[in-house]
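There's a structure below that I have some questions on.
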Amino acid sequence: MSNEMRISHKKILLDSIRSDRHFTLNYPENPRLSDTLCAFIMAPKMAPMSDGKYAILLVLISAHSLLGGYFAATRPEGAGWRAFSWHPMLMMCGMFGMMGAAAITKKRGGYTNTKLHGMMAWGGMMLAGGGLYAIYGHKNAMGKAHFTTLHSWAGLAAFGGCICAGMAGGVFLHPDFGIDKQNKLIRTVHKYLSRALLMLAWMATLSGLKTLVGDDIKTLILFAAPLVVVAPFTLM
């Protein structure tokens, strides 16, 4: 084969790869090489998130999930920590902290970050599951009925939907053993459905806080501010 033909074939291959922004180069023995090649090839279509931006967002997400979670867990003012407190704390750490971190990690691109994205997301779902268990046990102890508010149904829908999206992601899109990881339709549905579910979960956290602080608009705005700041980087 002539040198010109080799160059032409390389160009055709690179063009086909670049046309698929979800293309993954998988070298398990050298993940750094996978990440470098993916970042280079996909650059014209999807530039990975910079280290600085990622670090700032990760700190903001982590801080608000912990501090915001504790704040919600100790409302109304003066209530202190009690059994119920595990519900808002774990839900914030799971649905905002871990799931938010999973979303921005995926945007860094590459084999390693794709796997980290999945592990973070499942970690978030386990924390959220603990939050659901906490409120279920608390209501049982108080003799109260379950799922009587829009907040409770929104939270349940977000959690159940995330479980389904996570299972589909693992089965179809896992970079090592996904059975259809290059399917653009599955990738698109997974991406936008997950973002919609995350938005629903964040709205549920705000509605839950409102039941604890009432019509304290200032508190609600301050609590929502970090969610609004990170939304363009996680939900868009």
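With a Förster radius of 22 Å, plug the Cβ-Cβ distance of LEU235 and ALA145 into 1/(1 + (r/R0)^6) and report the FRET value to the nearest 0.05.
0.10
If you don't mind, there's one more thing I want to ask. Which whole-Hz ³J(HN,Hα) couplings does the stretch 50-57 yield from phi under the Karplus relation 6.51 cos²θ - 1.76 cosθ + 1.60, θ = phi - 60°, glycine and proline marked x?
For the stretch 50-57, the Karplus curve yields 5, 4, x, 5, 4, 5, 5, 5 Hz.
Let me ask something else. In what sequence do LYS106, LYS218 fall when counting other Cβ within 10 Å, fewest first?
Placing the least packed residue first, the sequence is LYS218, LYS106.
Points 7 angstrom from Cα along the Cβ direction at TRP81 and LYS53: gap in nanometres?
3.7
Turning to a different aspect of this structure: Quick one: if you stick a label point 7 Å off each Cα along the C-beta vector at ILE179 and LEU206, how many nm between them?
3.9
Right, something else. Ranked highest first by average number of other Cβ atoms within 10 Å, how do 173-186, 141-154 line up?
Highest mean packing first, the order is 173-186, 141-154.
While we're looking at this one, here's another question. Contour minus end-to-end for LEU222 and LEU193, with contour as 0.36 nm per residue of separation and end-to-end as the Cα-Cα distance?
Value of the extension gain: 7.7 nm.
Where a number appears in this text, it was derived from the coordinates with a stated rule and is not lab data. Note that the coordinates shown come from a computational prediction; the quantities given were computed from them, not determined experimentally. Using ideal geometry, Cβ is built from the backbone for each residue, glycine included, and neighbour counts are taken over all protein chains shown.
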